[in-house]
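Participant: Mind having a look at this structure? Questions to follow.
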Amino acid sequence: MPELVPEVQRRFARQIVERLRAAGFEAYWAGGCVRDQLLDRPPHDYDVATSAKPDEVRRLFGLRRTLVVGAAFGVVVVLGPSGAGQIEVATFRSESGYHDGRHPERVAFSSAREDALRRDFTINGLFYDPIEERVIDFVDGQADLRAGIVRAIGNPVDRFTEDKLRLLRAVRFAATLGFTLETATRQAVEQMASQVTVVSAERIADEMERMLVSKNRTVGLRLLLETGLAAEVLPEIVPVDARQRTQLENALGVVDRLERPTFSLALAVVLFGRVSPAGVERVCRRWRLSNQASDRAEWLVAHHGCLKNAPTGRWSVLQKILVSPGIEELLQWTAAEAAAKGREATDVAYCRECLAWPPEKLDPPPLATGDDLVRHGLVPGPIFSELLARLRDAQLDGLIETKAQAMAMVDRLVADGNVLGSDRA
Ligand code: ATP
Ligand code: MG
């Protein structure tokens with residue numbers, strides 16, 4: 001997808017409202033973008049709410065420049081020019097009859113006011129008129145925004161009963177915005193926490209990711225633990241005795257100091273010490289993370305502590321870690337751990353020095369390949385990978401420097417019966 005240019009995106013969002021207005025409809029910016037703008041944060045996308053019905057929106061912007069994404073919900077995506085991204089234009093609606101705790105049974109097109117009332121939290125229930133530059137507030141959202149409060153619109157128990165994802169969203173918004181949960185809203189989250197399990201794994205993971213990569217990730221984790229949501233979505237971290245409590249505090253101290261964690265890294269750090277690398281992988285599978293993300297989390301936990309004493313350890317061991325794709329995250333973790341202990345991160349500094357070496361020094365091409373072994377008269381088999389690995393280590397540790405020396409080493413290893421299945425052609 002082409003890069004978004006914030007001013008272009010914003011201008012386009014304004015033009016959409018102008019076009020709808022010119023055609024006689026009511027139209028406003030809605031939800032998160034209004035909240036973010038009032039908080040002086042750059043909105044990452046703009047949503048428009050309008051009295052126009054989906055087919056009217058399509059007719060206005062052209063079939064080719066629009067996509068119907070949620071016909072039942074009245075959501076049409078309008079594609080913008082380069083740099084403007086796309087904007088969701090949704091018809092004012094009210095929702096009712098949530099039976100599965102996630103999705104409404106019926107939606108009815110309605111007024112701006114009703115559309116505000118169906119939204120989750122007052123801070124997310126605001127409209128903004130970009131032409132008159134005026135906020136339209138049916139839910140007292142501006143007061144809560146100023147006071148830094150996440151408050152459910154209406155009766156919190158009812159609102160969480162309708163849609164259990166809101167339990168996690170409440171905590172996520174409180175954490176990422178640095179807001180407090182309004183008392184009744186918080187009580188409802190605590191009372192209903194166990195019901196969050198009806199939410200799909202993907203949505204849970206999505207909320208967890210947003211929370212864990214944000215600056216306030218430890219605030220989020222503490223809120224999850226205090227409200228009882230952690231016991232449902234991440235029971236692995238809930239402490240059951242004093243030892244685990246200390247361990248959790250230590251983990252939070254490190255998580256908090258991560259510079260810019262990926263989801264995999266933050267997850268690895270909170271789970272470290274509580275579950276094995278395989279246990280980390282199980283959490284990732286449960287949340288249906290990509291193979292890449294779950295492999296990375298597992299690799300990080302398996303290699304925790306491996307950068308310790310980097311300057312004095314064997315180069316062939318350290319080098320393999322340094323050239324691994326997860327190295328930046330492992331360095332972040334190691335640095336955060338040193339910071340949490342009030343120590344200087346000397347190992348990290350040394351690794352950074354090595355990473356700045358030219359590639360032929362950091363990761364030189366191998367002295368010998370499988371073809372060389374074949375030419376040397378060996379029959380391909382499992383023995384090959386073992387021989388090549390031994391040669392690689394010897395090369396990295398400076399024990400051999402030429403292909404001839406590598407082949408001499410092969411002869412020695414085979415003659416000593418030092419490798420498995422050593423048979424020659
Ligand atoms: P961000 O995109 O930063 O996560 P957002 O507020 O834009 O925050 P979205 O998930 O993009 O969140 O949803 C846009 C708007 O739709 C919200 O601001 C809110 O008004 C409404 N909304 C989203 N999810 C729900 C929900 N589960 N229940 C009620 N309203 C919701
Ligand atoms: Mg949004």
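A short reminder: the numbers here are calculations on the coordinates, not readings from a lab. From a predicted model like this one, the values you see are computed outputs, not experimental measurements. So basically every Cβ, Gly included, is an ideal-geometry build from the backbone, and we count neighbours across all protein chains shown.
Participant: Taking the simple approach of a point 7 Å from Cα along Cα-to-Cβ for both Asn155 and Val240, what is their distance in nm?
Facilitator: Modelled inter-label distance: 3.7 nm.
Participant: With a bin width of 5 angstrom, please list the P(r) values of the stretch 284-373 as percents of all Cα-Cα pairs, from the 0 bin to the one holding the largest distance.
Facilitator: With a bin width of 5 Å, the distribution comes to 2, 12, 21, 20, 16, 13, 9, 5, 2, 0, 0.
Participant: Still on this model: Using only Cα atoms, find the angle between the long axis of helix 403-415 and the longest principal axis of the chain, and express it within 0 to 90 degrees, rounded to the nearest 10.
Facilitator: It is inclined by approximately 70 degrees.
Participant: Starting from the Cα of Val317, step 7 Å along the direction of its Cβ; do the same at Gln195; then give the gap between the two resulting points in nm.
Facilitator: Between Val317 and Gln195, the label points sit 5.3 nm apart.
Participant: A further question on this structure: Using a Förster distance of 41 Å, how high is the FRET efficiency between Gln15 and Thr183, based on the Cβ-Cβ distance and rounded to 0.05? If you can, show how the numbers build up before the last one.
Facilitator: Numbers: r = 42 Å, r/R0 = 1.02.
Calculated value: 0.45.
Participant: Per residue of the chain, what 222 nm ellipticity follows from adding -39500 (n - 2.57) for every DSSP H run with n ≥ 4, rounded to the nearest 500?
Facilitator: -15000 deg cm²/dmol
Participant: Quick check on the exposure proxy: order Thr66, Thr312 from fewest to most C-beta atoms within 10 angstrom.
Facilitator: Thr312, Thr66
Participant: Largest first and in whole Å, what are the equivalent-ellipsoid semi-axes of the chain based on the Cα gyration tensor, each being the root of 5 times an eigenvalue?
Facilitator: 53, 27, 20
Participant: What is the angle, in °, between the Cα long axis of helix 6-22 and the longest principal axis of the Cα atoms in the chain? Nearest 10 is fine, range 0 to 90.
Facilitator: Helix 6-22 and the main axis of the chain meet at about 30 degrees.
Participant: Count the DSSP beta bridges whose two residues both fall in the chain, then state the antiparallel fraction as a percent rounded to the nearest 5.
Facilitator: Numbers: 23 of 30 bridges.
In the chain, DSSP labels about 75 percent of beta bridges as antiparallel.
Participant: Now a separate question. Please arrange His303, His44, His99, His376 by how many other C-beta atoms lie within 10 Å of their C-beta, fewest to most. Working shown, then result.
Facilitator: On the way: His303 20, His44 12, His99 9, His376 17.
Neighbour counts put them in this order, fewest first: His99, His44, His376, His303.
Participant: Shifting gears a bit: Restrict the search to the stretch 322-420; then list the GluC sites (Glu not before Pro) that DSSP places in a loop and that have at most 16 other Cβ atoms within 10 Å of their Cβ.
Facilitator: Glu344, Glu401
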